[in-house]
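Beneath this line is the structure, given in structure tokens, with notes to follow.
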Amino acid sequence: MKKILVVQSSARQEGSLTREYTAQLVRQIEAANPGSWVVTRDLGAEPIPHLDGTLLGGWMKPAEEQTEEERAAAARSEQLIDELLASDIVVIGSSMYNFGITSTLKSWFDHVLLAGRTFKYTENGPVGLAGDRKVYVVTARGGRYAGTPIDFQEPYIRQLLGFIGIQDVEFVNVEGQALGEEEAAKGRAEADQALAAIA
Ligand SMILES: Cc1cc2nc3c(=O)[nH]c(=O)nc-3n(C[C@H](O)[C@H](O)[C@H](O)COP(=O)(O)O)c2cc1C
């Protein structure tokens, strides 16, 4: 039995490759771990607000000094962090938009990377507090970037997750989807293989 958090960030519901491949991956995880339950945070359907002055202002104050507004904003972040910390496995769907992750996924990371909750400062620098889980990331891209210096998606996501202590991260990349039929099919076949290897 595993507690699975699925974070979707494609803006589209129909025809999304990250949604298709994350769904396949979740089915595999469920089959291997009967009785698992899934919580989905769909950032495409319901984008979460960007960090703003209210939230940041509230973060700087003790809870008893926060305004109603600041408390409500902090509670929204807390809910996202609770979802993350309650999970054994996280499956992230990350569409590539303009060479990086979607702004909605960036916003999710901005909320969940919080000092005192998912990392802490120590004399020896920051230490992650959320390391006790596995993360799978499914990316989809029009071009091909894996292993090149202009892959700003995978190294960036690894850095963000590593910062909160999560080192066990596996990627499935669906690449080449805008490079013609043959390349698109090749990209899918590679992603299928990567999924099969996870099973
Ligand atoms: C706004 C936008 C920006 C995009 N930027 C890039 C890009 O910089 N590089 C790339 O290879 N593909 C880019 N694409 C193509 C997407 O990465 C590709 O369609 C991918 O399949 C999207 O994920 P999804 O299928 O889950 O929606 C972009 C697509 C959109 C809609």
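Every read-out reported here was derived from the displayed coordinates using simple, explicitly stated rules and does not represent laboratory data. Predicted model, so just to flag it, every value in this text is computed and none were measured. Reconstructed Cβ throughout: ideal geometry from the backbone, glycine too, with neighbour counts over all protein chains shown.
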Item checked: Criterion violated by R117 - all others in (1) outside any helix (DSSP H, G or I); (2) within 16 Å of the ligand (Cβ to nearest atom) satisfied -> (2)
Next item on the list: Kindly provide the set of residues from segment 120-150 that are in contact with a strand residue (DSSP E or B) (Cβ under 9 Å, 6 or more places away or on another chain) and away from the ligand (no atom under 16 Å from the Cβ), ordered by number.
Entry: K120, Y121, P126, V127, G128, L129, A130, R133, K134, V135
Item checked: Looking only at segment 120-144, and only at residues there that are among the aliphatic types (A, V, I, L, M), in a strand (DSSP E or B) and touching a helix residue (DSSP H, G or I) at 6+ places or on another chain (Cβ under 9 Å), the one that is surrounded by the fewest Cβ atoms within 10 Å (Cβ to Cβ) -> V135
Note to self: Here are the criteria: (1) within 16 Å of the ligand (Cβ to nearest atom); (2) charged (D, E, K, R); (3) within 20 Å of the chain's Cα centre (by Cα). Tell me which single one D110 does not satisfy.
What the structure shows: (1)
Margin query: If V91 satisfies all but one of (1) exposed (fewer than 13 other Cβ atoms within 10 Å of the Cβ); (2) in contact (Cβ under 8 Å) with a residue 40 or more places away in the chain, what's the number of the condition it fails?
Written below: (1)
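Out of G147, G162, I need the residue that is of a type outside the set (D, E), out of contact with any Cys (no Cβ under 8 Å at 6 or more places or on another chain), more than 16 Å from S95 (Cα to Cα) and in a helix (DSSP H, G or I). Which one? Don't jump to the end; show me each part of the working.
Details: G147 fails: in a helix (DSSP H, G or I).
That would be G162, the only listed residue that is of a type outside the set (D, E), out of contact with any Cys (no Cβ under 8 Å at 6 or more places or on another chain), more than 16 Å from S95 (Cα to Cα) and in a helix (DSSP H, G or I).
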Notebook entry, point to check: If you scan segment 1-47, which residues turn out to be more than 16 Å from the ligand (Cβ to nearest atom), of a type in the set (A, V, I, L, M, F, W, C) and surrounded by 17 or more Cβ atoms within 10 Å (Cβ to Cβ)?
Noted result: I4, L5, I29
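With Q66, Q8, Q13 as the choices, which residue is closer than 18 Å to Q79 by Cα and without any contact (Cβ under 8 Å) to a residue 40 or more places away in the chain?
Numbers: Q8 fails: without any contact (Cβ under 8 Å) to a residue 40 or more places away in the chain; Q13 fails: closer than 18 Å to Q79 by Cα.
After ruling out the rest, the residue left standing is Q66.
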Checklist line | Subset of segment 163-182 that is farther than 17 Å from A130 by Cβ and in contact with a strand residue (DSSP E or B) (Cβ under 6 Å, 6 or more places away or on another chain) - its residue that is nearest to the ligand (Cβ to nearest atom) | finding: V174
